[in-house]
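Coordinate-derived values only; no laboratory data. Just so it is clear, the structure is predicted and the values come from calculations on it, not from any experiment. Note that each Cβ is placed from the backbone with ideal geometry, even for glycine, and that neighbours are counted across all protein chains shown.
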Amino acid sequence: MSEVVTVCPYCGAGCEMVLKVEKGKVVEIKPLEEDDNFLCPKGVRAQEFIQHEGRLRRPLIRRNGNLEEAGWEEAIDLIATKLASLVAEHGPDSLGFLGSGTITNEENYVFQKFARAVIGTNNVDHCATLCHGTSVAAMTQALGSGAATNCFEDIPKAEVLFIIGYNPEASHPKIFERRIWKSKWLGNKVIVADTRRTSVAKDVDVFMQCKPGTDVVYLNAMANVIIAEGLENKEFINSRTEGFEEFKQVVARYTPEYAEKISGVPAETIKEAARIYATSGSSAILWGMGITQHTHGTDNVYAIVNLALLTGNVGRVNAGLNPMRGQNNVQGACDMGMLRTVYPGAQPVDDPKVKAKFAQLWGTDSLPDKVGFASTEFIPQALEGKIKGLYIVAENPAVSHANLNEITKALDQVEFMVVQDLFLTETARYADVVLPSCSWLEKDGTYTRGDRKVQRVRAALPPLGESKTDWEIISLIAAKMGKGSLFAYTNTADIFDEIGKASDKYAGISHARIDLEGGIYWPCPSSDSPGTPTLHLEEFPRGLGKFTPVDYVDPAEAPDAEYSLILTTGRDYHHFGTRVMTRKVAFLNQESPEAYLEINPEDASKYQIETGDRVKVASRRGDITVTANVTPDILPGVVFIPWHFAEQPVNKLTNDALDPVAKTPETKVCAVKISKC
Ligand SMILES: Nc1nc2c(c(=O)[nH]1)N[C@H]1C(S)=C(S)[C@@H](COP(=O)(O)OP(=O)(O)OC[C@H]3O[C@@H](n4cnc5c(=O)[nH]c(N)nc54)[C@H](O)[C@@H]3O)O[C@H]1N2
Ligand SMILES: Nc1nc2c(c(=O)[nH]1)N[C@H]1C(S)=C(S)[C@@H](COP(=O)(O)OP(=O)(O)OC[C@H]3O[C@@H](n4cnc5c(=O)[nH]c(N)nc54)[C@H](O)[C@@H]3O)O[C@H]1N2
Ligand code: SF4
Ligand SMILES: [Mo]
């Protein structure tokens, strides 16, 4: 029996775990005692999906319409030849690359380097565009950095927690159980704003139950109250911000009474929330997908940032602006430049100095210089024939993207598609080549937790079957395309050392240092830096923090006489993402076997629906049938369905209208009609 300490493969809470290995199998997963001794039901059974018989073991190549087993040599050869010919015929921007918030930093780094330095395109993206892309966009404009400003350890110490559009019980059980509960227990105040009365919204100081898509209104109204009552932090505004006067004029229009009309949150409740948030010793905001997945998600985040600037609750400990990052390594994927706009270290692709830096570091003179397309653009672009090839590592857009009928049409039409995964996913079924990757149990490297803490992933088992690590596969293709010298790494520590040269934020971190000291917060510019748990203590990366006034805009699709209900979507405690992983775990399926429709008793009685009834839910784009769950915890006029279930794919219904800045689809609001089956 041996023991390996690593990090959970699911969410951005980044729980550390001990794997007990016996006779080539992981027989038990235990929480690391020093890490709060906590694992949720997903983490504690994570070995079950990895050791599942459905794992891909050999490459597959499409022949006469069928995916058939093939050798690595043949698969790599085919990919290298096909990618080179598409570039030669249609140019590098005819290809799109999807990396992932679930593979390691080292793998994302290698993949975006491949797209940029070997192929020559900035069409690189990952799930951040479906997720916190709007947070990154707004925070980068307003502060100069898109990352969470504070660390998870601060959460219980904030005198006020303001939780918006975020359901931590389901999404980050560790943060819910060990940090938010602790905060309540210590007597700190909690404010929650959500469309549903979630677990965290029960027994709190203030609960603002808002109509979906109306967050800008009550957030602006909170600022209105703070200014009207003289509760703003004048010293902070004068010394650390700009744009206050213009902001003040805009929020003057957002009286709590006006906000009540639009958002449904009572004016008195908005006033109370404003006073509590503004007058504490330290207030932290934690937000999630209820804020970001809207056509005006970037505006929503500006409205949040404005509140923190107004009260001086950023740039100090136990406060701050915390976009609660979703997948285990989505922060890392952003840091590694797996985005169309930036190289590693958030350095803009359209800055000639940055391009010159990477040309020198990578030893190539053919890097692209214009911003690429987002995944939500390049998948549909396949329909117009502009994108000819897709290379997808560890994502499942055939279930996760909005308006699936269009997405699957696009995946069908694309001329050449490679998918690299652990399983034959819904997306992989459209591929021309499917490559078997090693899982997190079989590889080494780092993940960056949602609060910027870089932690070590350690292999417990040898590769399964003929699977290879994601970085090795990409390096083999690069070598076949004549660029092997750019990827001459012997191990992941080597790759990590290059990451330190690419990004100052990671420069002082190494695998050896984390092994010795434990996880380290970036920015960590030198090997003697202890890392930085709190950002912007002295100044913001852009200098002054910028107030950005925003006006309320309706969601893209409003209910009407026919489609009279608003559908919102989100997470279930027992399943993760597109359920490729959690569907292989018996206990989780038993607890949560299928999708369900949360509906208010008022609406349920209108349609004569009871809990357990089958209900057809239709939008203008498609329909699915789910089981009703009648609950007073959701607003009348609004229904909720978890999005994990490929058998009842809620994304057949969702709207693919995009936030204009971040290109995030509006998966939190669309109009639907329902009928009892
Ligand atoms: N169990 C589980 N955990 C996960 C994941 C998973 O799939 N399963 N995924 C991970 C990932 S990728 C992410 S990004 C995180 C996401 O974690 P969360 O941000 O918690 O995700 P959601 O459940 O999508 O949405 C949060 C809340 O937004 C509310 N909401 C909907 N519309 C609105 C609105 O217009 N305004 C407001 N204020 N609230 C609204 C919903 O009712 C819901 O309670 O979770 C991570 N953790
Ligand atoms: N309606 C609606 N839609 C949504 C959302 C919503 O709230 N509502 N949320 C959105 C959000 S926030 C996100 S982040 C996206 C997530 O969407 P996706 O990222 O597309 O979904 P996942 O199921 O997390 O995909 C992870 C894949 O990686 C594979 N994998 C795991 N480990 C490895 C590895 O080491 N190597 C390789 N090669 N593969 C691996 C898994 O088998 C799985 O197929 O969905 C979005 N879609
Ligand atoms: S809380 Fe998140 S990181 Fe922790 S065990 Fe559960 S899924 Fe894994
Ligand atoms: Mo996410």
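Annotations for the structure displayed:
- Vicinal HN-Hα couplings computed from phi for the stretch 414-430 (Karplus, 6.51 cos²θ - 1.76 cosθ + 1.60; Hz; Gly/Pro x): 4, 5, 9, 9, 10, 10, 10, 7, 8, 10, 7, 6, 4, 6, 4, 5, 8
- Scalar couplings 3J(HN,Hα) for the stretch 614-622, obtained by applying the Karplus form with A = 6.51, B = -1.76, C = 1.60 to θ = phi - 60°, are 8, 10, 8, 10, 10, 10, 5, 10, x Hz; x denotes Gly and Pro.
- Reachable aspartates and glutamates from LYS663, criterion Cα separation under 14 angstrom, eight or more residues apart if same chain: ASP125, ASP299, GLU377
- Backbone phi angles across the stretch 78-91, fed through the Karplus curve with coefficients 6.51, -1.76 and 1.60 (θ = phi - 60°), yield HN-Hα couplings of 4, 5, 4, 5, 5, 4, 4, 6, 5, 5, 5, 7, 10, x Hz in residue order; Gly and Pro are listed as x.
- Packing-based order for 369-379, 298-308, 426-436, 257-267, using average beta carbon neighbours within 10 Å, highest first: 298-308, 426-436, 369-379, 257-267
- Label-point gap, in nm, between GLU415 and ARG542 - each point 7 angstrom along Cα→Cβ: 4.0
- Extended-chain gain in nm, criterion 0.36 nm per residue less alpha-carbon gap, GLU257 and SER199: 18.1 nm
- The aspartates and glutamates within cross-link reach of LYS261, meaning a Cα-to-Cα straight distance under 16 Å and a gap of 8 or more places when in the same chain, are ASP215, ASP551, ASP554.
- Entries in LYS616/LYS652; LYS355/LYS453; LYS82/LYS480; LYS20/LYS443 that, when Cα-Cα distance is taken, lie over 18 Å: LYS355/LYS453
- Calculated diffusion of the chain, Stokes-Einstein form, Kirkwood radius summed over Cα pairs, 4 °C and 1.567 mPa s, µm²/s: 51
- Inter-part distance where the stretch 329-369 and the stretch 248-302 are each reduced to a Cα centre, Å: 35
- Summarising the amide proton neighbourhood of VAL342: residues at separation of 5 or more, or on other chains, whose placed amide H is nearer than 5 Å comprise VAL349.
- Net charge contributed by nearby residues that have their C-beta within less than 15 Å of ARG542 (K/R +1, D/E -1): -2
- Size descriptor, Kirkwood hydrodynamic radius, that averages inverse alpha-carbon separations across the stretch 565-676, Å: 14.4
- Each of GLN590, GLY445, VAL354 was scored by the projection of its Cα onto the charge dipole of the chain, and the greatest displacement toward the positive side belongs to GLN590; charges sit on the C-beta of Lys, Arg, Asp and Glu.
- For the chain, the mean residue ellipticity at 222 nm estimated from helices alone is -8500 deg cm²/dmol, where every DSSP H run of n ≥ 4 contributes -39500 (n - 2.57) and the total is divided by all residues, rounded to the nearest 500.
- Between ASP351 and ARG513, the modelled labels are 2.2 nm apart [label points 7 Å from Cα along Cα→Cβ].
- Packing, as the average of other Cβ atoms within 10 Å across residues, places the peptides 383-395, 348-360, 514-526 in the order 383-395, 514-526, 348-360, highest first.
- The antiparallel fraction among DSSP beta bridges confined to the chain stands at about 50%.
- Assigned charges on the beta-carbon of Lys, Arg, Asp, Glu; the chain dipole about Cα centre (debye): 300
- With the simple spin-label model, which puts each label point 7 Å out from Cα in the Cβ direction, the GLU406 to GLU33 separation comes to 5.5 nm.
- Greater than 32 Å apart at Cα, pairs in LYS386/LYS483; LYS409/LYS606; LYS42/LYS189; LYS271/LYS606: LYS409/LYS606; LYS271/LYS606
- If only the Cβ of Lys and Arg carry +1 and only the Cβ of Asp and Glu carry -1, the dipole of the stretch 37-95 around its Cα centre is close to 360 debye.
- Separation of alpha-carbon centers, the stretch 509-534 and the stretch 59-137, rounded to whole Å: 31
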